[in-house]
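First up is the structure itself, then whatever we jot down about it.
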Amino acid sequence: MSSPQNSHRSGRSGHDSDDDGYVPRTPRRTPMACTFCRGRKLKCDGRPTCANCNKRNIPCNYVPVSAQN
Ligand SMILES: [Zn+2]
Ligand SMILES: [Zn+2]
């Protein structure tokens, strides 16, 4: 009485891959702080010349977080 019930296989063996357009790594939008604000831990508004640098009349520089060190 050993009847192999293997008649349960459907034609296509594959999961429904419905995940289209899903990016696993979210592109982090860094609220860039300029070097001055970052060094002083100030709240940088992220402008080309932020308020802190503008107030002090110093050049506002932004360096990318990567390629540091
Ligand atoms: Zn700043
Ligand atoms: Zn600045």
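Filtering segment 14-47 down to residues that are surrounded by fewer than 12 Cβ atoms within 10 Å (Cβ to Cβ) and closer than 15 Å to PRO64 by Cβ, which residue is modelled with the highest pLDDT?
PRO31
List pairs: first in segment 32-51 and near ligand 2 (Cβ under 7 Å from one of its atoms), second of a type in the set (S, T, N, Q) and outside any helix (DSSP H, G or I), Cβ under 9 Å, 6+ apart or cross-chain?
Here the result reads CYS34/THR49; CYS34/ASN61; PHE36/ASN61, each pair linking segment 32-51 to a residue that is of a type in the set (S, T, N, Q) and outside any helix (DSSP H, G or I).
The values are calculated or read from the model by the stated rules, or taken from the named source; none is laboratory data. These numbers were taken from a predicted model, which means no experiment stands behind them. Because the Cβ atoms are built from the backbone with ideal geometry, glycine has one as well, and the counts that use them run over all protein chains shown.
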